[in-house]
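Asker: A single structure is presented below for examination.
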Amino acid sequence: MTMIMKTGLIALALLGSTVLTVGIAQAADKEISWIYCGDTIDPIHTKYIKQWEEKNPGWKVTPEVVGWAQCQDKTTLAVAGTPVAMAYVGSRTLKEFAQNDLIVPVPMTDAEKKAYYPHIVDTVTFQGTQWGVPIAFSTKALYWNKDLFKQAGLDPEKPPKTWAEEIADAKTIKEKTGIPGFGLSAKTFDNTMHQFMHWVYANNGSVIDAEGKITLDSPQVLAALKAYKDIAAYAEEGPTAYEQNEVRAIFLDGKVAMIQAGSGAAYRLKDTKINWGVTTLPLGPDAKGPGTLLITDSLAIFKGSGVEDKATEFAKYITSPDIQAEYELQGGAGLTPLRPSAKVDEFVAKDPFWKPFIEGISYGGPEPLFTDYKGFQNSMIEMVQSVITGKAEPEDAIKKAASEIEAFK
């Protein structure tokens, strides 16, 4: 689900805007084109597109299926000859689109905002205005291998609740079994920054505040970076070669004791012989409660199609509570629900492993919005890697990164 911005994003988007303008005269007046990420259109969306069209005679929604690789790299934002009304984007890109006047605001009512779990609306909000409609959401939790805990002499039913316990357990497992105690993501890849941000929010930290002030160089974030360095000593060899899916694969093979991962791992683990458990992310010393990075993808409404208002109406319809819940709560989809509901309660009761993914929301935080998101991301990855490899001390690395990301906000 996570997306990464490439150099040239704005140029491509501007090119898309040009295509939009040229194509309007040739396009149907009542067509909403939708860049849709994935290999195929989800059957639930197909069903409700049809229902919406039936309720809106003369209107047609035309999804353009774009493979995840293209969507993630942001290499395709327009379909030649057709005005793009709406696109699936990583919410982290919304600030850049908004500042370059490529999308229109999608303001929410107070009732709409209150319907979401805490902080979800923050992921699409810039300067007090919402710029997208959330359509997908992910959180992380801690998975542990109970057999490896037992093999190391630890209580297999007692996962770590704090960073100190997590690091101590990882050390014990590595020393007693020779198997890495923790799977660490530090590859030059977008989720290295994401994985570190989970530690930041698990210690009541932040990178940038609502007023745009950089808050990276703080005791809370420094503590997270030091803990990351400490646990690296008991992680898999060469963590800079691993991203989260590769770390997950090691866990699924029973060759690492703990990882932080999304709900999709739980569905994969059902097909293995691993005796596993999942719990909220361990807490840092300044934590107020379980936290996690809150990542959303959104529907952005682009300028120039001539159907902006209707596209906004459709975007809110296709993500409305009942439809969204049906879309999210498909077994194995791996999406954390965006809103609390009786349906979600039933879902969690059926699959209790979902509980920690929801419990981390209240003290979690949104993916930081930057104008140059790729620049911000690269600085964060370099900061983490420099500490993991011993090239820099945490204090120096964090000051360097804090200075660099000032230029990207």
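Asker: What's the angle, to the nearest 10 degrees (0 to 90), between helix 373-388's Cα axis and the longest principal axis of the chain?
Answerer: Between helix and principal axis, roughly 10 degrees.
Asker: Note the direction-averaged projected area, equal to a quarter of the hull surface, for the Cα convex hull of segment 104-156, in nm².
Answerer: That works out to 5.9 nm².
Asker: So, one more: Output the antiparallel fraction of DSSP beta bridges having both residues in the chain, as a percent to the nearest 5.
Answerer: Numbers: 23 of 36 bridges.
Roughly 65 percent of the beta bridges in the chain run antiparallel, per DSSP.
Asker: While we're looking at this one, here's another question. So if I take the centroid of the Cα atoms in segment 164-202 and the same for segment 245-323, what is the distance between those two points in Å?
Answerer: That distance is 18 Å.
Asker: Hey, another quick one. With springs only between Cα atoms under 10 Å, which of Trp68, Trp144, Trp354 fluctuates most in a Gaussian network model of the chain?
Answerer: For the chain, modelled as a Gaussian network with Cα springs under 10 Å, the answer is Trp68.
Asker: If you don't mind, another one. Against the longest alpha carbon principal axis of the chain, how many degrees, from 0 to 90 and to the nearest 10, is the axis of helix 219-232 turned?
Answerer: For helix 219-232, the angle is close to 60 degrees.
Asker: Given a 1.4 Å probe, how much area per residue of the chain is accessible, in Å²? Before the final figure, lay out each step's value.
Answerer: Numbers: 16570 Å² over 409 residues.
That works out to 41 Å² for each residue.
Asker: With Rg and the Kirkwood Rh both taken from Cα atoms, where does Rg over Rh land for segment 355-401?
Answerer: A ratio of 1.13.
Asker: Let's see if you can work this out: charge +1 on each Lys and Arg Cβ, -1 on each Asp and Glu Cβ, no other charges. What is the dipole magnitude of the chain about its Cα centre, in debye to the nearest 20?
Answerer: Using only the charged Cβ atoms, the result is roughly 440 debye.
Asker: Still on this structure, I have one more. Using the charge dipole of the chain (Lys, Arg: +1 at Cβ; Asp, Glu: -1 at Cβ; taken about the Cα centre), state which of Ile120, Ala210, Pro159 has its Cα farthest towards the positive end.
Answerer: Pro159
Asker: Can you give me the convex hull volume of the Cα atoms of segment 158-312, divided per residue and expressed in Å³?
Answerer: 165 Å³
Asker: So for the chain, considering every pair of alpha-carbon atoms, how many percent are separated by more than 35 Å?
Answerer: Summing the P(r) of the chain above 35 Å gives 28 percent of all pairs.
Asker: Starting from the Kirkwood Rh over alpha-carbon pairs, what translational D in µm² s⁻¹ does segment 272-409 have by Stokes-Einstein at 4 °C and 1.567 mPa s?
Answerer: Numbers: Rh = 18.7 Å.
Answer, rounded: 69 µm²/s.
Asker: Something else: For q values of 0.14, 0.20 Å⁻¹, compute log₁₀ I(q)/I(0) with the Debye formula on a Cα-only model of segment 295-358, without solvent.
Answerer: Relative scattering, expressed as log10 I(q)/I(0), comes to -0.50, -0.81.
Asker: Give me the percent of the accessible area of the chain that comes from carbon and sulfur atoms, probe 1.4 Å, all protein chains in place.
Answerer: Carbon and sulfur together cover 52 percent of it.
Asker: Please list, or write none, the lysines whose alpha carbon is within less than 20 Å of the alpha carbon of Lys350, excluding same-chain residues fewer than 8 places away.
Answerer: Lys140, Lys270
Asker: Once you've got the GNM for the chain with C-alpha springs shorter than 10 Å, pick whichever of Gln70, Gln195, Gln220 has the biggest mean-square fluctuation.
Answerer: Checking each option, the largest mean-square fluctuation is seen for Gln70.
Asker: Same structure, new question: Pick from Gly90, Gly67, Gly364: which is most flexible by mean-square fluctuation in a GNM of the chain where alpha carbon atoms under 10 Å apart are linked?
Answerer: Checking each option, the largest mean-square fluctuation is seen for Gly67.
Asker: According to the square roots a ≥ b ≥ c of the eigenvalues of the Cα gyration tensor, what is the shape class of segment 160-201, taking rounded for a/c under 1.5, prolate for a/b larger than b/c otherwise, and oblate for the remainder?
Answerer: The shape class here is oblate.
Asker: Then there's this: Measure nothing fancy, just the Cα-based angle from helix 394-405's long axis to the longest principal axis of the chain, in degrees from 0 to 90, nearest 10.
Answerer: 10 degrees
Asker: Once you have a ≥ b ≥ c as the square roots of the Cα gyration tensor eigenvalues for segment 76-222, tell me rounded if a/c is under 1.5, and otherwise prolate or oblate according to whether a/b is larger than b/c.
Answerer: Cα axes put segment 76-222 in the prolate bin.
Asker: Which shape class applies to segment 160-249: rounded if a/c is under 1.5, otherwise prolate when a/b exceeds b/c and oblate if not, where a ≥ b ≥ c are the square roots of the Cα gyration tensor eigenvalues?
Answerer: Oblate is the answer for segment 160-249, as a/c is 1.5 or above yet b/c matches or exceeds a/b.
Asker: I'm a student and want to see the number: the projected area of the Cα convex hull of segment 127-190, averaged over all directions, in nm².
Answerer: 7.5 nm²
Asker: Which value in nm describes the separation of the simple spin-label points at Asp155 and Lys114, placed 7 Å from the Cα toward the beta carbon?
Answerer: Taking the two extended label points, one gets 4.2 nm.
The values are calculated or read from the model by the stated rules, or taken from the named source; none is laboratory data. None of these values were measured; they are calculated from a predicted model. Please note: Cβ atoms are built from the backbone with ideal geometry, for glycine as well, and neighbour counts cover all protein chains shown. Heads up: the accessible areas ignore ligands, DNA and RNA and are worked out on the full protein's heavy atoms, side chains in. Shrake-Rupley method; radii C 1.70, N 1.55, O 1.52, S 1.80 Å.
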